[in-house]
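Below is one structure; the comments refer to it alone.
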Amino acid sequence: MGSVLELQNVHKSFKLGFIPKTKEVLKGISFSVAEGEIFGYLGPNGAGKTSTIKCVLGLIFPDAGTISLFGRSPLDPKSKEKLGFLPENPYFYDYLTALEFLDFYAQLFGVSKDERTERIVRLLKLVDMERAADLPLRKFSRGMLQRIGLAQALINEPSFVILDEPLGGLDPLGRKEIRDIILSLRDSGRTVLFTSHILQDIEMICDRVAIVVGGRVLSQGRLADLVSEKILFTEITVSGLSAAELAGYGECVSIRDGRALLKVFSEEKVQAVLDLVRERRGGIHALIPRTHTLEDLFVDMVTRS
Amino acid sequence: MIISVIARNTFKEAVRDRVLYLLLFFSALSIVLARVLAILTVGDRVKVVKDVGLASISFFGALMAILIGTGLVYKEIEKRTIFTLISKPIRRVEFLLGKFFGLVLTLAVMLGAMSLIFLAVVFLHTFQVEFGLILAVVFIFLELVLLTAVAVLFSCFSTPILSSLFALSFYLIGHFSWSLETLIKRTPAGATRTIIQIIYMLLPDLENFNIKTEVVQNLPLPSGIWLGAFGYGVVYTAFILLLAVLVFRRRDFI
């Protein structure tokens, strides 16, 4: 599969302040997004995620490096014909109604009037905003703006969608709905690049990820390759045993309401704990093997950097 | 095509701005009050109505161009609405021209509305629609188009308050720069005269668009004024827009 987006050694610095001080925000970003995948661009706040996206969209100009969007420069309008974009914080024309707003963006792609009407109805249904079609955007909540923003990003039926923090400001139900929409986009053959600092989102839906910290991509690849399947330790919640009895088996994290949470670091010790519980006629309430998570990897990288 | 889509949206934005209606209300009030002023005047009352009416259209039109024009591009950057716009297949120059023509369209409609009120007030006195007055409004419109381009230029790199001050300075300088012409005539030939001549060439001369006196006093219009004012307006506006495009095309939207 070919790549839809390719960045090579992209550098960007800004001059900020009254007495201009140069701040390097991107220090050689390189990654590529393959056709048909959901690519997660992960990083803490201020890592350079949005700056990278802005370079890709031609909103800011890189100092060095190359960016190829559908094989073209991002400054070439043709490269954006099949691109959809949802910005980090949904800022839109608040004097327009949802219908006028989507119609305006559809017109920018030269979509015919009949086609526009059909697409707008379909998209409003997709993002569950049919009820707010005639409401001006200034009356929208943040979650509603996020949904209408997503509809705007899909108005040209793009084959590549860039979503900057798409799940921010949404309630748990809303997050699930948007996650499902993103997955349905992939299922319909579209490519998705989305940025987030929320690891669960990335872990749940991404095929590949790149972790950016301090303007550098520290790690990238398939999620399964980055995160080890090896069991680090097992958490066992038992009852009917005292802390003293459990002392030799692992680390007793807490004892509450007669239940002890034990962290056990080897398979043999897990078996030994189970034997002990059976012998003393105690109870086992939970047994959770903990593997290396994206969070561990992420925290490790941020700490090291 | 894209320019017209953005222009229509800009027009929608401007006509949904309450400031515009406030200015329209005060301009209408000022035009109507000219009638009261005329009653208090000794002499030709119609001339006072015409004079104050045209001055009101010019002044409030300039305020509209400056107040709305200076926030036009800045607001898009500040509110980050430009992010979604530039991510679409449009060129920056198309965005800028769309904004400019949108405001020009708004001014045309507002000037039309002010003119209707003005012509109605004059009609109450003279019982005729004078072509000269319409011509004077067309010249005011040409001046406002230029002023809009200036407002858009400043809006590309400065805050609305600073841009308003710059644009207002441009407007004031433009109406007083003609006095340099007198100074040039009185200065003996030499380096000083050349410097003043260069300054005069660079500074705008908005009096080129002022035919109010001729129209109100029923004086003959100078020959070639049509072509002169139109040519000056188009060339100067194009020059200012070119500067705006140059500033805007390499700007980072942080």
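Numbers below:
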| item | result |
| --- | --- |
| Top-ranked residue of the stretch A:165-195 - restricted to ones that are surrounded by 23 or more Cβ atoms within 10 Å (Cβ to Cβ) and not hydrophobic (A, V, I, L, M, F, W, C), ranked as nearest to A:LEU57 (Cα to Cα) | A:THR195 |
| Selection within the stretch A:90-110 - within 15 Å of A:ALA132 (Cα to Cα), free of Cβ contacts under 8 Å to residues at least 24 places away in the same chain and at the interface with chain B (Cβ under 8 Å from one of its Cβ atoms) | A:GLU100 |
| Selected residue [closer than 17 Å to B:SER164 by Cα and surrounded by fewer than 21 Cβ atoms within 10 Å (Cβ to Cβ)] from B:LEU105, B:LEU20 | B:LEU20 |
| Hits in the stretch A:54-88 (condition: within 24 Å of the chain's Cα centre (by Cα), of a type in the set (Gly, Ala, Ser) and either within 19 Å of B:ARG251 (Cβ to Cβ) or more than 9 Å from chain B (Cβ to nearest Cβ) (or both)) | A:GLY58, A:SER68 |
| Flag if A:LEU42 is surrounded by 15 or more Cβ atoms within 10 Å (Cβ to Cβ), more than 27 Å from A:LEU102 (Cβ to Cβ), touching a His at 6+ places or on another chain (Cβ under 6 Å) and more than 10 Å from chain B (Cβ to nearest Cβ) | no |
| Helices (runs of 4 or more DSSP H) wholly inside the stretch A:98-202 that include at least 3 residues being over 26 Å from A:LYS49 (Cα atoms) and aromatic (Phe, Trp, Tyr) | none |
| Counted residues, the stretch A:77-134 - those being in contact with a Ser or Thr (Cβ under 7 Å, 6 or more places away or on another chain), farther than 25 Å from B:PHE11 by Cα and surrounded by fewer than 20 Cβ atoms within 10 Å (Cβ to Cβ) | 2 |
| Top-ranked residue of the stretch B:75-96 - restricted to ones that are within 14 Å of chain A (Cβ to nearest Cβ) and under 24 Å from the mean Cα position of the chain (by Cα), ranked as surrounded by the most Cβ atoms within 10 Å (Cβ to Cβ) | B:GLU76 |
| Matching entry among B:VAL5, B:VAL42, B:VAL48 (being of a type in the set (Val, Ile, Thr), touching a helix residue (DSSP H, G or I) at 6+ places or on another chain (Cβ under 7 Å) and more than 14 Å from chain A (Cβ to nearest Cβ)) | B:VAL48 |
| Pair list, Cβ under 6 Å, 6 or more apart: the stretch A:273-295 residue closer than 21 Å to A:ASP257 by Cβ, other residue surrounded by 13 or more Cβ atoms within 10 Å (Cβ to Cβ) and of a type in the set (Ser, Thr, Tyr) | A:VAL273/A:TYR249; A:GLY282/A:SER239; A:GLY283/A:SER239; A:HIS285/A:THR237; A:ALA286/A:THR237 |
| Strands (runs of 3 or more DSSP E) enclosed by the stretch A:1-46 - at least 1 residues per element that are polar (S, T, N, Q) and assigned by TED's automatic domain parsing to the domain that holds A:LEU69 | A:3-16, A:21-34 |
| Residue among A:SER13, A:SER51 that is of a type in the set (Gly, Ala, Ser), touching a strand residue (DSSP E or B) at 6+ places or on another chain (Cβ under 9 Å), over 30 Å from A:ARG147 (Cα atoms) and within 11 Å of another protein chain (Cβ to nearest Cβ) | A:SER13 |
| All positions within the stretch B:8-22 that are more than 14 Å from every other protein chain (Cβ to nearest Cβ) and touching a residue at least 60 places away in the same chain (Cβ under 8 Å) | none |
| Hits in the stretch A:262-296 - residues which are within 17 Å of A:ALA247 (Cα to Cα) and among the aliphatic types (A, V, I, L, M) | A:LEU262, A:VAL264, A:VAL270, A:ALA272, A:VAL273, A:LEU274, A:LEU276, A:VAL277, A:ILE284 |
| So A:SER159, is it of a type in the set (Ser, Thr, Tyr) and within 14 Å of chain B (Cβ to nearest Cβ) | yes |
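Per-residue answers, yes or no, for (1) more than 14 Å from chain A (Cβ to nearest Cβ); (2) of a type in the set (Val, Ile, Thr); (3) in contact (Cβ under 8 Å) with a residue 60 or more places away in the chain; (4) buried (at least 23 other Cβ atoms within 10 Å of the Cβ):
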position: B:PHE118; (1), (2), (3), (4): yes, no, yes, yes
position: B:THR126; (1), (2), (3), (4): yes, yes, yes, no
position: B:VAL152; (1), (2), (3), (4): yes, yes, yes, yes
position: B:SER155; (1), (2), (3), (4): yes, no, yes, yes
position: B:SER158; (1), (2), (3), (4): yes, no, yes, no
position: B:LEU168; (1), (2), (3), (4): yes, no, yes, no
position: B:LYS185; (1), (2), (3), (4): yes, no, no, no
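The values are calculated or read from the model by the stated rules, or taken from the named source; none is laboratory data. Source: prediction; values computed, not measured. Note that each Cβ is placed from the backbone with ideal geometry, even for glycine, and that neighbours are counted across all protein chains shown.
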